[in-house]
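Below is one structure, written out as structure tokens; comments come after it.
The values are calculated or read from the model by the stated rules, or taken from the named source; none is laboratory data. Since the structure is predicted, the reported quantities are computational estimates derived from the model, not experimental observations. No Cβ is skipped: glycine too gets one built from the backbone with ideal geometry, and neighbour counts run over all protein chains shown.
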Amino acid sequence: MSETLIGVLIGGLLSSLGTWITIAVQHRRWAIETKIARLNAKRERLEVAYERTLDSVRNGVNTDFYSSNMMSEIEILFPDAVSKAFNELMDEKDRSEFKIKMHYYNIALAMKKSLKSIEDKIDAQVL
């Protein structure tokens, strides 16, 4: 091969390298922004569901009736810590006001911890 042809090939490779680097950086930025958007949406959905569920749990404790829709949400859609806290409430034999309040607090605490976990994941992506 002639030196001119080698020079043209090397020049072409070097000039296209800038384009590929730009594409790679843009793709990484897009992936991070998409992940953050999904985490934000998940957090918002869970926050609304948690508020609705806490109201239902409070009503269920007072009326001794828990809707199957609420219970299935807790078992399927919510993190395991929330399900575990709710199951402890359901398994509790002592229905004193103090015990019920402690279980309610533990359920709310598990919910807040899961929201905090999502916020930490978002912060990790941003920083």
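Structure above, values below:
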read-out	value
So GLU73, is it closer than 17 Å to LEU115 by Cα, modelled with pLDDT of 95 or more and not in a loop (DSSP other than H, G, I, E, B)	no
Residue pairs meeting the criteria (Cβ under 7 Å; at least 6 apart or on separate chains; first within 15 Å of VAL48 (Cα to Cα), in segment 62-79; second at pLDDT 90 or above and of a type outside the set (Gly, Ala, Ser))	MET70/THR53; GLU73/THR53; ILE74/THR53; ILE74/VAL82; ILE74/PHE86
Check on LYS101, over 30 Å from TRP30 (Cβ atoms), charged (D, E, K, R) and modelled with pLDDT of 95 or more	no
Residue in segment 43-62 that is of a type in the set (Asp, Glu) and within 17 Å of LYS121 (Cβ to Cβ) present	yes
Considering residues of segment 16-42 that are among the hydroxyl-bearing types (Ser, Thr, Tyr) and more than 22 Å from the chain's Cα centre (by Cα) only, the residue modelled with the highest pLDDT	THR22
Residue in segment 44-55 that is surrounded by 12 or more Cβ atoms within 10 Å (Cβ to Cβ) and of a type in the set (Ser, Thr, Tyr) present	yes
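Conditions tested, residue by residue: (1) among the hydrophobic types (A, V, I, L, M, F, W, C); (2) closer than 18 Å to GLU47 by Cβ; (3) loosely packed, with under 13 Cβ neighbours inside 10 Å; (4) over 16 Å from the mean Cα position of the chain (by Cα).
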residue: GLY60; (1), (2), (3), (4): no, no, no, yes
residue: SER67; (1), (2), (3), (4): no, no, yes, yes
residue: GLU97; (1), (2), (3), (4): no, no, yes, yes
residue: MET111; (1), (2), (3), (4): yes, yes, no, no
